[in-house]
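Visitor: Sending over a structure as structure tokens; questions will come in a sec.
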Amino acid sequence: MASSDREHVERLYKNIYAVIRKIPRGRVATYGQIAELAGIPGGARVAGAALKVSQPEHRLPWQRVIGKAGKTRGRIAIHDPVGAAVQRQLLEEERVTIGDTGLVALDVFGWLPRDESNRAASPRRRPRSGSKRRASSSRR
């Protein structure tokens with residue numbers, strides 16, 4: 001990897017780690033949300049890669065980052081059963097409720113950073129391209 005590429009990746013990872021450190025105890029955020037807040041929209045896999053290579057000295061609350069399983073649900077996304085069990089235990093110690101299949105209610109335990117007016121900042125949404133309505137047929 002070229003030096004400039006390595007520096008770029010290190011800068012991205014540093015931004016991701018800064019966002020992860022902001023997640024408070026008892027809350028979770030998804031990989032995609034972390035990436036977007038770090039300035040990498042659509043970069044959930046980049047956030048996952050950053051966590052995978054993180055070191056203990058980074059002092060990250062890694063257990064608070066989960067996969068997205070739907071609009072209002074997240075899921076423990078670690079495929080290694082030992083790692084998933086450790087994540088579950090750490091989250092349960094923070095009083096995050098996790099279902100038998102690893103699901104977490106994002107509407108209860110999800111985290112959004114606060115903006116300066118102390119309102120929850122909503123993640124940036126991609127603009128819709130055109131209407132989803134279909135042209136009406138002759139049936140009325």
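Read-outs: derived from the displayed coordinates by stated rules, not from any lab. All values reported here derive from a predicted model rather than from experimental measurement. Note that we place each Cβ from the backbone using ideal geometry, even for glycine, and neighbour counts take in every protein chain shown.
Visitor: Counting only residues that are surrounded by 13 or more Cβ atoms within 10 Å (Cβ to Cβ) and not in a helix (DSSP H, G or I), how many does region 51-63 have?
Guide: Count: 3.
Visitor: Among the residues of region 64-90 satisfying the criterion of being in contact with a strand residue (DSSP E or B) (Cβ under 7 Å, 6 or more places away or on another chain) and among the hydrophobic types (A, V, I, L, M, F, W, C), which is surrounded by the fewest Cβ atoms within 10 Å (Cβ to Cβ)?
Guide: A69
Visitor: Which number in (1) surrounded by 13 or more Cβ atoms within 10 Å (Cβ to Cβ); (2) farther than 29 Å from R95 by Cβ marks the one condition that G39 misses?
Guide: It fails just one condition, (1).
Visitor: Any chance region 93-103 includes a residue that's touching a residue at least 24 places away in the same chain (Cβ under 8 Å) and in a helix (DSSP H, G or I)?
Guide: Within region 93-103, none of the residues are touching a residue at least 24 places away in the same chain (Cβ under 8 Å) and in a helix (DSSP H, G or I).
Visitor: Now, a different point. How about region 8-41: which of its residues are among the small types (G, A, S) and more than 11 Å from the chain's Cα centre (by Cα)?
Guide: A18, G26, G39
Visitor: With (1) loosely packed, with under 12 Cβ neighbours inside 10 Å; (2) in contact (Cβ under 8 Å) with a residue 40 or more places away in the chain; (3) touching a Phe, Trp or Tyr at 6+ places or on another chain (Cβ under 8 Å) as the list, and R25 as the residue in question, which single condition is left unmet?
Guide: (3)
Visitor: If the Cβ limit is 8 Å and pairs must be 6+ apart or interchain, which residue in region 65-79 that is more than 21 Å from K22 (Cβ to Cβ) and without any contact (Cβ under 8 Å) to a residue 60 or more places away in the chain pairs with which residue that is in a loop (DSSP other than H, G, I, E, B) and not hydrophobic (A, V, I, L, M, F, W, C)?
Guide: Taking only residues 6 or more apart or on different chains, the pairs are R75/T101; R75/G102.
Visitor: Take region 14-50 and flag every residue that is within 15 Å of P113 (Cβ to Cβ), in a loop (DSSP other than H, G, I, E, B) and among the β-branched types (V, I, T).
Guide: I23
Visitor: Do we find that V9 is in a helix (DSSP H, G or I), of a type in the set (A, V, I, L, M, F, W, C) and surrounded by fewer than 12 Cβ atoms within 10 Å (Cβ to Cβ) in this structure?
Guide: no
Visitor: Report yes if G83 is farther than 26 Å from E7 by Cβ, touching a residue at least 24 places away in the same chain (Cβ under 8 Å) and either in a loop (DSSP other than H, G, I, E, B) or out of contact with any Leu (no Cβ under 8 Å at 6 or more places or on another chain) (or both), otherwise no.
Guide: no
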